């Protein structure tokens, strides 16, 4: 008798932390801490983002309509709306009145540097997205966050030979010495760490990536956790996603990451919360150096 059992591996949905309320007006993470919100790219959340698209203003929505592939638009919009609601809560302003601006480029003085929020000068932020997850990071120092789906890397669709020009020689060596089954994960870790660093430092366009060494991380025999004055930390973002943050350090406090869930339905109708409530919320994970 022929078995009808499907033996193909089941792709499990990522687990997200419990949804947290919006921060209170004036909130900023303490020094050395990165707060990361994780939002599932689900039909429900994407519908909520579409309902809230007007909060971004007509210019932003036109840029999304013209400059983003239709297949990617739902998750890009979800990321933009999530970040706007977070920034508006911290600024104590309606989302429509919050307008992040670009710092001047150090090289040419053009307005294409890191994004900042004039209403809360000490607040720094970054966002990224995959097909499964939107990640938004807030910190009291410049920060970058990057996320990638694991599947193409685990399947060998992206490898160190293909990406060699963008890897430091020490990184290529660290990946090459891994057992074959771990090379894809080591390369992915290295890539997300470097992307987070480049986003945080805003050197992505100017930097020669092959000259920057971040390594695959402590789990792969390269305990490098700092690049210059930047700390690199993993972000628990679900089994199918690799994520990392880069935080510029101003002192010797050991950095840490706190993760929270988000629900746009609740956020749109959220009542103000006391500052202590955010600090007491259970986190899906907390990582330190």
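What to note about this one:
- With the simple spin-label model, which puts each label point 7 Å out from Cα in the Cβ direction, the residue 24 to residue 208 separation comes to 5.1 nm.
- As a rough footprinting exposure proxy, the listed residues 263, 128, 59 were ranked by other beta carbons within 10 Å of their own, and the order from fewest upward is 59, 263, 128.
- D (Stokes-Einstein, µm²/s), Kirkwood Cα radius, the range 28-78, 0.890 mPa s at 25 °C: 196 µm²/s
- Each of the peptides 209-215, 30-36, 142-148, 157-163 was scored by the mean count of other Cβ atoms within 10 Å over its residues; in descending order, highest first, they stand as 142-148, 30-36, 209-215, 157-163.
- Ranked by how many other beta carbons lie within 10 Å on average, peptides 249-259, 188-198 from highest: 188-198, 249-259
- Cα radius of gyration and Dmax for the range 148-249 (Å): 12.5, 35
- Packing-based exposure ordering (other Cβ within 10 Å, fewest first) of 248, 51: 51, 248
- Using a Förster distance of 45 Å, the FRET efficiency for residue 159-residue 61 (Cβ separation, nearest 0.05): 0.75
- Between residue 250 and residue 44, the contour length at 0.36 nm per residue exceeds the alpha carbon distance by 70.2 nm.
Laboratory data are not the source of any read-out in this text; all were calculated from the coordinates shown. All values derive from a computational prediction rather than experimental measurement. Note: ideal-geometry Cβ built from the backbone for every residue, glycine included; neighbour counts use all protein chains shown.
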